[in-house]
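The values are calculated or read from the model by the stated rules, or taken from the named source; none is laboratory data. What you see is a predicted model; the values in this text were computed from it and never measured. Here Cβ is always computed from backbone atoms with ideal geometry, including for glycine, and neighbour counts include all displayed protein chains. To get the accessible areas, we keep the full protein, side chains included, count just its heavy atoms, and leave off ligands, DNA and RNA. Shrake-Rupley method; radii C 1.70, N 1.55, O 1.52, S 1.80 Å.
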Amino acid sequence: MIPIQGNVSLKPYNTFGINATAKQFASFQSVDELRAILSGTNPSVSNLLILGGGSNILLTKDVNGLVLKNEICGIEKVAEDETHVYIKAGAGESWHPFVLYCLENNYAGVENLALIPGSVGASPMQNIGAYGVEIKDVFHSLEAFHLHDKTIQTFLLEDCRFGYRESVFKHQYKGRFVITSVTYKLFKNPMYNTSYGAIQQELDSMGVKELSIQNIAQAVINIRSSKLPDWKVVGNAGSFFKNPEIEKAHYEDLKKSFPALVAFSAPNEKMKLAAGWLIEQCGWKGYRKGDAGCYPKQALVLVNYGGATGNEIYKLSEQIIQSVNGKFGVLLEREVNII
Ligand SMILES: Cc1cc2nc3c(=O)[nH]c(=O)nc-3n(C[C@H](O)[C@H](O)[C@H](O)COP(=O)(O)OP(=O)(O)OC[C@H]3O[C@@H](n4cnc5c(N)ncnc54)[C@H](O)[C@@H]3O)c2cc1C
């Protein structure tokens, strides 16, 4: 019998450090335990919250239902060929320790994704990405528990419809599945990606003469630690907004009025704008009202200095969206899941 606790504070379970209460709370370490908790219930999207590390959610209210914390662990090599190893990890494994495991074993492909908080199980949810690499680049398959059929289904790469911070699980399958494991297809021979951001510069200042996945990961860790707030000290969920993609014609127009506009080429002839730059231009960087604020070193990150409510952070995000839209005619989309 898996205990279901009543009225549990979710403050320790979300990196924003928002104090909200779950009417019911249970954690599970296996599919059987998940099945046992759910036996006899028929949870709907509205009264169930699947939780990993809580690093990509903003709690704006109490959860008037059941919060299920995924703690399915275990990492194993399930197959190998000449060029790849296939590593299956339980959804409840923490992401960064999983990256460290890959580094120790010389499995390449996730080194640029070092230090991202959260769980393995959430990594496909928004196709996590950083420094030029996304999970889709190393994804093989995942297993997920269907909450209504109570069956396990397998999703291959093409089934997940990964996009920029997107997957099928954020949209048509939202709330229908609990991801229980993910299998990654990692490389035996690394293909280094140091072109993005300040990686090369950091490698130079580290005095690196010969590239390795270990020193790339270290460079990423150094950069991230210097730029992003430690959520254990200042609550946050990383980038609060996605970088918006706009039509080329719109970009050309904006570039005339704002010559310093920061943008990159995106698929389908679009341009991706740096949301942080847009927010900064609207004067939000370093803004603080009460305990809700916009991080002084990176405008894309909204922060809770201690006692902010989810609604205060949400309201700030709304003001930012409005002012960026007013100045640039660009609508920012939230990356963080609003609960
Ligand atoms: C400081 C900081 C830096 C960050 N940097 C990055 C970055 O560089 N790149 C990036 O992509 N993200 C980044 N993030 C965001 C976040 O870490 C990732 O999105 C991470 O994958 C979220 O994992 P989680 O386990 O914490 O998910 P949670 O926040 O627990 O959940 C996120 C969503 O996924 C659902 N979910 C979680 N687990 C499961 C499951 N097993 N089955 C079904 N649904 C599930 C939840 O219901 C929720 O909707 C950052 C966050 C922080 C705090």
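Assorted remarks:
- Qualifying residue in segment 153-161 (condition: modelled with pLDDT of 95 or more and either within 11 Å of the ligand (Cβ to nearest atom) or in contact with a helix residue (DSSP H, G or I) (Cβ under 6 Å, 6 or more places away or on another chain) (or both)): yes
- Set Gln29, Gln126: member being within 14 Å of the ligand (Cβ to nearest atom), of a type in the set (S, T, N, Q), within 30 Å of Phe241 (Cα to Cα) and in contact (Cβ under 8 Å) with a residue 60 or more places away in the chain: Gln126
- Screening Asp149, Asp159 for residues that are surrounded by fewer than 19 Cβ atoms within 10 Å (Cβ to Cβ) and outside any loop (DSSP other than H, G, I, E, B) leaves exactly one candidate, Asp159.
- Residues that are closer than 18 Å to Leu273 by Cα and assigned to a helix (DSSP H, G or I) within segment 316-339 comprise Ser317, Ile320, Ile321, Gln322, Ser323, Val324, Asn325, Gly326, Lys327, Phe328, listed in sequence order.
- Listed by first and then second residue, the pairs linking a residue in segment 319-339 that is in contact (Cβ under 8 Å) with a residue 24 or more places away in the chain and within 12 Å of the ligand (Cβ to nearest atom) to a residue that is among the basic types (Lys, Arg) and not in a strand (DSSP E or B), with Cβ atoms under 7 Å apart and 6 or more places separating them unless they lie on different chains, are Glu335/Arg165; Glu335/Lys242.
- Among the candidates Tyr164, Tyr192, Tyr251, Tyr196, the residue that is of a type in the set (Ser, Thr, Tyr) and closer than 22 Å to Lys297 by Cβ is uniquely Tyr196.
- Taking every residue in segment 103-118 that is free of Cβ contacts under 8 Å to residues at least 24 places away in the same chain and closer than 26 Å to Ala237 by Cα and pairing it with any residue that is open to solvent by less than 10 Å² (accessible area, probe 1.4 Å) and more than 16 Å from the ligand (Cβ to nearest atom), at least 6 positions away or on another chain, yields no pair with a Cβ-Cβ distance below 6 Å.
- Members of segment 227-259 found to be small (Gly, Ala, Ser) and in contact (Cβ under 8 Å) with a residue 12 or more places away in the chain, listed by number: Gly235, Ala237, Gly238, Ser239
- So Gly197, is it within 22 Å of Glu33 (Cα to Cα), within 13 Å of the ligand (Cβ to nearest atom), touching a residue at least 60 places away in the same chain (Cβ under 8 Å) and in a loop (DSSP other than H, G, I, E, B): no
- The listed residue being modelled with pLDDT of 95 or more, more than 30 Å from Met206 (Cα to Cα) and in a loop (DSSP other than H, G, I, E, B), out of Gly283, Gly293: Gly283
- Filter result (open to solvent by 30 Å² or more (accessible area, probe 1.4 Å), among the charged types (D, E, K, R) and either within 16 Å of the ligand (Cβ to nearest atom) or within 15 Å of Ala299 (Cα to Cα) (or both)) within segment 209-244: Arg224, Lys227, Asp230, Lys232
- Top-ranked residue of segment 174-188 - restricted to ones that are at pLDDT 95 or above and open to solvent by 60 Å² or more (accessible area, probe 1.4 Å), ranked as farthest from the ligand (Cβ to nearest atom): Lys188
- Which numbered condition Asn127 misses (of (1) in a loop (DSSP other than H, G, I, E, B); (2) within 26 Å of Phe264 (Cα to Cα); (3) open to solvent by 20 Å² or more (accessible area, probe 1.4 Å)): (3)
- Exactly one residue out of Phe139, Phe169 is more than 22 Å from Leu100 (Cα to Cα) and of a type outside the set (A, V, I, L, M), and it is Phe169.
- From the options Glu71, Glu111, Glu104, Glu93, residue that is under 20 Å from the mean Cα position of the chain (by Cα), among the acidic types (Asp, Glu) and open to solvent by 50 Å² or more (accessible area, probe 1.4 Å): Glu71
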